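So the structure is just underneath, and the comments pick up after that.
Just so you know, all these numbers are worked out from the coordinates, no wet-lab data involved. These numbers were taken from a predicted model, which means no experiment stands behind them. So basically every Cβ, Gly included, is an ideal-geometry build from the backbone, and we count neighbours across all protein chains shown.
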Amino acid sequence: MATSIQSSTVAADRFVNAVESDLRREGRLGALFAVPFQGGTRLSAILSSFGAFKIISCNIEPGHGTYPALSAITPAANWYERQIFDLHGLMPANYQSLDPLVIRKGLESDPTYKPDEDLSERRPDLSEPSVEGEGLFKIPLGPVRSGIFESIEYVIETPGEEILHVEPRPFYKHRGIENNFSGRSFGEGALLAERVEGVSSVAHAIAYCQAIEQLSDSEISPQAQLVRVIHAELERIANHLESMVRHCEAAAQAVAFARFSFYKEQIMRLRADICGHRFSRGVVSPGGVTIPTTLDLNAVSKRISKLEADIDSSVNLLMKTASFLDRLRGTGVITTKQSRLFGTLGPVARGSGLLEDTRSSHPYSAYRHLGFVPVRETSDGDALARQNVRIDEIAGSFHLLKQALDGLGDLKTPGDEWRIKLNIRDGESLGWAEASQGEVLYLVIVDSGRLKTVRQRSASFHNMSVFSSAFPKDITTDFAFIEASFGLSVAGVSG
Amino acid sequence: MPWVLKGISDGILTSKYPRKSDGYGETWRGSIKISPNNLGLDLSHVAKSCPTNAINIEQTHPQVDLGLCILCGNCIDLCGDIFSFQPDFESAKLDRDLLVVPETVEDRERLRAVRAALYLRVRTLRRSIAIRHVDCGSDGSEEWEISALTNPIYDVQRLGITFTASPRHADILLVTGSGSTGMIDSLKETYLQMPHPKAVIAVGTDAISGGMHRNSASTAKNGVDGLIPVDVYVPGSPPSPFGILYAILLAVGTISNRGKPC
C-alpha cells in the first residue's frame, strides 16, 4: 500500500474553507509551513489522514502581510501561526494569540527573517499572567533549570500547589536551523537534519532523505532500507528508555533509575558498535546508507535478545511497584477529545486512544513489509498510559529489529548496493518518518541541484502545543512526570 | 526487596577509568588522522566539500580543525588514502588552537604554559567538583551524553564529581550548544554567579565553534567561545561521555594530557 500525496493550490480567501472541509473528513492538521514564493509567501497546510497526505497551499501576495487564520477552525494551528509570525512577519487575520514563540522581541538577529521593516515594533511583548486572583503567583521554571536539561522556560501560574496554567517559552534555544538548509548540498542537508533534534537524528535524516529520494523516483536498495530500520528502532528504544529514566529519577526509584540508564547506555554502545556513532549520525544519507564497516549480524542479534530480556524483566518489576505507579496514575491527562482536536502525535496520541503510527498508517521504506506488534489500546490519556505505550513500543521495536536483522541475513549484499546514485530533479516534495516523539515532516524544495528551502516539523513542536492542556488537576510535584511522559526535545521545538 | 536483588544482579558495572584504561572508550573514533604519505595529492575538492570547512590545505601539510569537524566522514569517503578516523576519546584540549591536528612542536610548548596557569587557578578543586550545566542552543544530544555520566557505568560521583542546581555552588560550568542569541544573557549571568575559582568547559563542536550553525544569524559567531572565557574544549558532535569526563578531569588537573591520573 503506497501513501498518496495530493497537492492543491487554492485562492487565499478559500484557504480556510478548503482546510476545514478536509479536517471534517477525519483529517488532522499535520503542519503549516510558510515558504518564500515569487516575492511573497506560500502557505502550505499539511493534512494527514490514514494512508494519505494532502498539501493545501495558498499564495500570499508580496507586501500583503496577512492571511486567513487557521486557528479559527483548529487550535492545532495556533503555534504554527505564532511561529510563522516570528519567522516571517506574516500576521494571521483574526488570530487568537501572537505571543512570541521562537523569537523573542529584541532578539531577532536574522536579517532574512525580517521581511517587514517594522516587524520588531509590531512584535508583541511577552504576555502577562493569564490567571488573576489573590495569592496567585508565577514560577519561572528555566531557562537555566536545575539538572541537566535543555533550555526552555515554563511559566507556571499557581496559588502554591495546584498548577493553574503552564506557558512554555521555547525561544531561548532558537538556532535558525531551517534557514541554514538553504543553498546546501543534499548530503550536507542530511547532516543538518540529524542536528535539528539530536536525540532523533535517524528519524529526521530518514524523513529528509525520503523527501529527496522522492524527487528522483528511485527506490533505495532493500538492505539500505533494513539498515535504516535497525538504526531507527534502536533510536526509538533509547528515547523510550530515556523517558523511563526520567520517570524513575522523578519518583526517586534509585535502583530502577540505575537499571534503565544502564540499559540505555548499552543501546547507545550497540549503536556505536554498529556504525561508529552513538547517535547513528552519518548513517542515513540520500540514496541509502553509508557502507557499514562492521555489522556482525549474529553478535548484534545476541546482544539484542539479551537486552530485550533484561529490559522486560525490569519493566515488569517497575510496573508492579506501587509507589511508582501512584505517581503516574491520573497525572497529566490529555483526553481523547483534546488529542483529536490538536491532532497530537506519537505516544501522546496513542496514550489517549488515537492509534495512528506513521510507520503503519503511512508506511514507508522497509516498514511496508515488516510485521508490527500493536500497542495496547487505552484512552486514559495519563502519564501511565503514555508509559504503557512506550513499554509496548519497546517490545515492538525489538520485534522489528529481529525481522530486520533476519532480512539482512537473507540478502546477498553486493558492495555498491548500499547507496545508489540519485538523479534529483527540481521540485517540491514531502518526507515523513516516525520518531519516538511522533511523526516528523520535511517539506523540501530543490532548485538547480541544491536545497532551496527546507521546512521541518518535529513531533516535539506539535506536541508541545498541547503540553499546557495536560494540567487539569495536577500539582507542582507532578510536573516532572508530565514532562518526562511527553518525552519531547526542546531543540526540535525551537528549531 | 525485589529491587535490592535486581540492583546487585549484575555485579559491579562501573568503569575503572581513569585509574585503569577502559576498553570501550579506546575504540571511540573521536579524531581524524592525516596520513603523512601521498601529500602531493590535490585535496581542494575534499576541503571544499567539508560541511564545516574544517580542512585547511593552505599549509604545507593538510590540517583538520577538530573544533570545527563534526566527524561526518565526508573526507574519508572522498579520500581514504589520506584521511581516516582515529580512535581517541581523550581529545579535549586546553587551548582552542591545539584542536588543529596534526599538532606541532610549538603547540606542545604553549600547552605547558596554559596548563600550569590553569592548574594554579583551580588546584583547590581537585577532590570535590560541583558542576553546573547550561544549554546554549544544543541539539539535545550533548545533554544525553552529560547525563550519561550519572549512569552506573560512568558513575562520576565515585570521583567526587556532582551536578549542582545552583551556579553559586558550582566550580565548573559545562556549556553545550552553538550560542543561540536567546541564551547569551542567561549564560553570562550564570557564569557571573559562579564563585572563584571556576573553569568553563565547552562541550561539543557546536559550543567550540558553532559547528554547522556557524553561519546562522541566530547563533553566536564562534559558538560560546568568546562569550565567556573557555578553559577546556571537548570536540565531537556530540562528544562521548568518556570524552566529557576526561575534560572535567583535565580542567581540575587530576589527569595528565596523556590520560594518566596524576
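Counting pairs of alpha carbon atoms under 8 Å apart in space and at least six apart in sequence, what relative contact order in percent does chain A give?
Dividing the mean separation by the residue count of chain A yields 19 percent.
Averaging the Cα positions of each part gives two centres, and for segment A:432-495 and segment B:5-56 these lie 31 Å apart. For the Cα trace of segment A:177-494, dividing Rg by the Kirkwood Rh returns an Rg/Rh value of 0.97.
The mean number of partner chain beta-carbon atoms within 10 angstrom of a residue's beta-carbon across peptide B:6-18 is 2. Mind jotting down the distance between the C-alpha centroids of segment A:316-342 and segment B:167-186, whole Å? Answer, in whole Å: 34. Per-residue Cβ neighbour counts within 10 Å put B:Leu68, B:Leu192 in the sequence B:Leu192, B:Leu68, beginning with the fewest. Scanning chain B for GluC sites (Glu not before Pro) that sit in a DSSP loop and have at most 16 other Cβ atoms within 10 Å, the longest stretch containing none of them is B:104-262.
Mean per-residue shielding of peptide B:70-83 is 3, counting Cβ atoms of other chains within 10 Å of each Cβ. Counting only lysines at least 8 places from B:Lys93 when in the same chain, those with an alpha carbon closer than 28 Å to its own are A:Lys173, B:Lys16, B:Lys20, B:Lys33, B:Lys48, B:Lys188, B:Lys198, B:Lys221, B:Lys260.
Ranked for footprinting exposure by Cβ neighbours inside 10 Å, fewest first, B:Thr181, B:Thr176 give B:Thr181, B:Thr176. What is the sum of charges around A:Gln387, taking Lys and Arg as +1, Asp and Glu as -1, for the other residues whose C-beta is under 12 Å from the C-beta of A:Gln387? Around A:Gln387, the charge tally is +3.
Screening chain A for DSSP H helices whose Cα atoms reach 18 Å or more along their own axis and whose mean Kyte hydropathy is at least -0.5 gives A:201-214, A:222-250, A:254-275, A:297-318, A:383-410.
Adding -39500 (n - 2.57) for every DSSP H run of four residues or longer, then dividing by how many residues the protein assembly as shown holds, sets the calculated 222 nm ellipticity at -11000 deg cm²/dmol. Take each residue of peptide A:272-284, count the partner chain Cβ atoms within 10 Å of its Cβ, and average: the result is 4.
Scanning chain B for DSSP H helices at least 27 Å long along the axis (C-alpha atoms) with a Kyte-Doolittle mean no lower than 1.0 picks out nothing.
The residues A:Ile5, A:Ile206, when put in order of fewest to most other Cβ atoms within 10 Å, stand as A:Ile5, A:Ile206.
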